[in-house]
Amino acid sequence: MFGYEFMREAFIASTFIAITAGLVGVFVVSRNMSFLSHTLSEIGFAGASFGILIGISPLVGMILFTLISSIAVGSLSTESSRREASISAISSLFIGLGILFLSLSSESSSYATNILFGSIVGISAKEVHQLMILAIFVILIFIIFYKPLSFDSFDHIGAQAAGLKTRLLSITFLVTLALSVSIGAQIVGSLLVFVLLTLPAATAKYIVHSVPKMIIVSVGLSLIGVWLGLYLAFITNWPVTFFISTFEVIAYFLGLSYKNWRLNH
Amino acid sequence: MIKVENLSKRFGNQLVFENLNFQINDGDFISLVGPNGSGKTTLVKIIIGLEKSSSGTIKTSGQTIGYVPQFRNIDSDYPLSIEQFIRLNLKITLNPEKRRQNNDLINTILQRTGLTEIKDRPLGLVSGGEKQKAYLAQALLNDPKTLILDESTASLDVEVKNQLMDLVQELNHKYQLTVIFITHDYDLTKKYTKRALLFKNKTIEPIDVQKVSKDMFEMEG
């Protein structure tokens, strides 16, 4: 399958996406932000359609929209109850906008399906490079902020009590989350990017009990998911997203069963 | 030593307290009592620098203060083990010597708080008393000279409350750790603390611990 250039590009791109999403996912899950990451992917869809409408790259449109809205959500609402409500409102607005932008632009609807559901074909070498740079940037931010971000994500109240600048950490995290959503949507699509941003980390949570181990398991599961998905999509011609999400969901339920089994033994 | 002079706090137009004057000496074991909403937690937040006062001063002798907050979001799905939870408060280091020192420190703290045997259990699955010990252990990591416990015994059984307070008392005796204990529990106040400060009529006054009674925790009319 590596005889085809598009498969090589897709393979490299999805490897970077899986590493980034698996890493960021650990913090999405520990900060209880699965819902926000889902919303950000819908906002990303609107951003990509906006990019197409005004003639800029969909990736740039996506980054622009997700960055602005994640920072807005972060600074609007610190209480989780209010956050849920404001996220729902913002999400509805952006799905509507995304559909409007697409209908106003002259692009065909197949482009919309690509943004929404992902595609392994048609990712160019240039786009792969953009993804790699963004992914490396996100990973570097996590290496730099690893310790305080872990403290704040796994024990927000303790981190506040210890005098950490939790607000700054929250904004830093939201920026990297917005970038990760934009990166991930390129392969798995904006509607299912949250699969990679939540399920592998949620599975890891049931199996291991330290932050580094959670990162290893989460990145591992998301890598296996995308590699397996690409391979199966290549031989069956079925959508890659179907295989990735099926694998991650099975892994999640196995993880949950393992946890329950351990509890009873 | 912590010396508070003429301290006042307002949120907008609302006065929380005014003209607080008191001193906490090294090795003290003091309880901070008063009804809900009287400003106990606000005062503590000002002492540790999480809130700003409206006026007045707080002088400390440059010591580290460990704070164990009142609420924590730890549900039964919480993934980290007790040891990993405590380690969140460690500074990162790549220096092998410092890493070894950190490991020694963790082991010492686990031992002092009686958590060594259960250090690998997920924090979400241990009892309320063990959770409180883990919170205490995490706060002890920075080698504080003063420890502030905010309602740490609130949701525990009587027996577990006493175990936790025995531990705190031991830390106070053996290591001269200054303890500020915010509480609604007058039995514990009488049994363990050496002095008490009572929040009353928007200010604070020293009170004999043996005279602390239930009505002091009721809302002012």
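Sort through B:125, B:149, B:156 and tell me the only one that's within 29 Å of residue A:263 (Cβ to Cβ) and either buried (at least 21 other Cβ atoms within 10 Å of the Cβ) or outside the structural domain of residue B:25 (by the TED database) (or both).
Numbers: B:149 fails: within 29 Å of residue A:263 (Cβ to Cβ); B:156 fails: either buried (at least 21 other Cβ atoms within 10 Å of the Cβ) or outside the structural domain of residue B:25 (by the TED database) (or both).
Unique residue meeting the criteria: B:125.
For the subset of the range A:205-217 comprising residues that are more than 8 Å from every other protein chain (Cβ to nearest Cβ) and in contact with a helix residue (DSSP H, G or I) (Cβ under 7 Å, 6 or more places away or on another chain), which member is nearest to residue B:92 (Cα to Cα)? Talk me through it step by step, then tell me what you get.
Here is the first cut: in the range A:205-217, the residues more than 8 Å from every other protein chain (Cβ to nearest Cβ) are A:207, A:212-213, A:215-217.
So of that shortlist, the ones also in contact with a helix residue (DSSP H, G or I) (Cβ under 7 Å, 6 or more places away or on another chain) come out as A:207, A:215, A:217.
On the way: A:207: 24, A:215: 17, A:217: 21 Å.
This residue is A:215.
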**Fill in**
residue B:84 passes all but one of the listed conditions (1) at the interface with chain A (Cβ under 9 Å from one of its Cβ atoms); (2) in a strand (DSSP E or B); the exception is number (2)
**Message:** Filter the range B:209-221 down to the residues that are part of a loop (DSSP other than H, G, I, E, B) and touching a residue at least 60 places away in the same chain (Cβ under 8 Å) and list them by number.
**Reply:** B:212, B:218, B:219, B:220
**Prompt:** How many residues does the range B:98-146 hold that are over 21 Å from the mean Cα position of the chain (by Cα) and basic (Lys, Arg)?
**Reply:** 5
**Request:** Tell me, please, whether a residue that is within 8 Å of chain A (Cβ to nearest Cβ) and in contact (Cβ under 8 Å) with a residue 24 or more places away in the chain can be found in the range B:57-65.
**Result:** no
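Residues that are of a type in the set (Val, Ile, Thr), out of contact with any Cys (no Cβ under 6 Å at 6 or more places or on another chain) and within 11 Å of chain B (Cβ to nearest Cβ): does the range A:219-238 have at least one? Full working, then the answer.
Pass one, the range A:219-238, residues of a type in the set (Val, Ile, Thr): A:219, A:224, A:226, A:235-236.
Keeping just the survivors that are out of contact with any Cys (no Cβ under 6 Å at 6 or more places or on another chain) gives A:219, A:224, A:226, A:235-236.
Of the ones still in play, those that are also within 11 Å of chain B (Cβ to nearest Cβ) are none.
No, there is no match, as no residue in the range A:219-238 is of a type in the set (Val, Ile, Thr), out of contact with any Cys (no Cβ under 6 Å at 6 or more places or on another chain) and within 11 Å of chain B (Cβ to nearest Cβ).
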**Prompt:** Of the residues that make up the range A:245-254, is at least one in contact with a Ser or Thr (Cβ under 7 Å, 6 or more places away or on another chain), within 14 Å of another protein chain (Cβ to nearest Cβ) and either over 30 Å from residue B:118 (Cβ atoms) or at pLDDT 95 or above (or both)?
**Reply:** yes
**Request:** Examine the range A:143-163 for a residue that is surrounded by 24 or more Cβ atoms within 10 Å (Cβ to Cβ) and on the phi > 0 side of the Ramachandran plot, and state whether such a residue exists.
**Result:** no
**Asked** Failed condition for residue B:91, given (1) modelled with pLDDT under 90; (2) within 20 Å of the chain's Cα centre (by Cα), with all others met?
**Response** (2)
**Prompt:** How do the pairs read when you match residues in the range A:47-72 that are more than 19 Å from residue A:173 (Cβ to Cβ) with residues anywhere that are among the aromatic types (Phe, Trp, Tyr), using Cβ under 6 Å and keeping only pairs 6 or more apart or on different chains?
**Reply:** A:47/A:65; A:49/A:101; A:50/A:101; A:53/A:101; A:61/A:50
**Item:** Among (1) surrounded by fewer than 16 Cβ atoms within 10 Å (Cβ to Cβ); (2) modelled with pLDDT under 95, the one test that residue A:196 misses
**Value:** (1)
**Request:** Return the pairs, sorted by first residue and then second, in which the second residue is of a type in the set (Lys, Arg), the first residue lies in the range A:7-31 and is open to solvent by 20 Å² or more (accessible area, probe 1.4 Å), the beta carbons are less than 8 Å apart, and the residues are 6+ apart or on different chains.
**Result:** A:30/A:205
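Going by the conditions given, is residue B:77 surrounded by 14 or more Cβ atoms within 10 Å (Cβ to Cβ), touching a residue at least 24 places away in the same chain (Cβ under 8 Å) and not hydroxyl-bearing (Ser, Thr, Tyr)?
Numbers: surrounded by 14 or more Cβ atoms within 10 Å (Cβ to Cβ): yes; touching a residue at least 24 places away in the same chain (Cβ under 8 Å): yes; not hydroxyl-bearing (Ser, Thr, Tyr): yes.
The answer is yes for residue B:77.
Suppose we filter A:210, A:180, A:190 for residues that are out of contact with any Phe, Trp or Tyr (no Cβ under 6 Å at 6 or more places or on another chain) and surrounded by 19 or more Cβ atoms within 10 Å (Cβ to Cβ); which single one remains? Let's see the steps before the verdict.
Values: A:210 fails: surrounded by 19 or more Cβ atoms within 10 Å (Cβ to Cβ); A:190 fails: out of contact with any Phe, Trp or Tyr (no Cβ under 6 Å at 6 or more places or on another chain).
Result: A:180 is the single residue among A:210, A:180, A:190 that is out of contact with any Phe, Trp or Tyr (no Cβ under 6 Å at 6 or more places or on another chain) and surrounded by 19 or more Cβ atoms within 10 Å (Cβ to Cβ).
To keep it simple, each residue is scored yes or no on (1) small (Gly, Ala, Ser); (2) out of contact with any Ser or Thr (no Cβ under 7 Å at 6 or more places or on another chain); (3) open to solvent by 70 Å² or more (accessible area, probe 1.4 Å).
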site	(1), (2), (3)
B:113	no, yes, no
B:143	no, no, yes
B:179	no, yes, no
B:188	no, no, no
B:191	no, yes, yes
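Where in the range B:95-208 are there helices (runs of 4 or more DSSP H), lying wholly inside it, with at least 1 residues that are under 26 Å from residue B:36 (Cβ atoms) and in contact (Cβ under 8 Å) with a residue 24 or more places away in the chain? Let's see the steps before the verdict.
On the way: elements: B:96-112, B:128-140, B:158-175, B:186-192.
Once the helices (runs of 4 or more DSSP H) in the range B:95-208 are filtered for at least 1 residues that are under 26 Å from residue B:36 (Cβ atoms) and in contact (Cβ under 8 Å) with a residue 24 or more places away in the chain, what remains is B:128-140, B:158-175, B:186-192.
Can you list the helices (runs of 4 or more DSSP H) lying wholly within the range A:139-243 that have 1 or more residues being under 15 Å from the mean Cα position of the chain (by Cα)? Let's see the steps before the verdict.
Details: elements: A:156-161, A:166-188, A:193-207, A:211-236.
Of the helices (runs of 4 or more DSSP H) lying wholly inside the range A:139-243, those with at least 1 residues that are under 15 Å from the mean Cα position of the chain (by Cα) span A:166-188, A:193-207, A:211-236.
The values are calculated or read from the model by the stated rules, or taken from the named source; none is laboratory data. Keep in mind the model is a prediction, meaning the values are calculated, not measured. Heads up, the Cβs are rebuilt from the backbone with ideal geometry, glycines too, and the neighbour counts pull from every protein chain shown. Remember, those area values only see protein heavy atoms, side chains included, never the ligands or the DNA or RNA. Shrake-Rupley method; radii C 1.70, N 1.55, O 1.52, S 1.80 Å.
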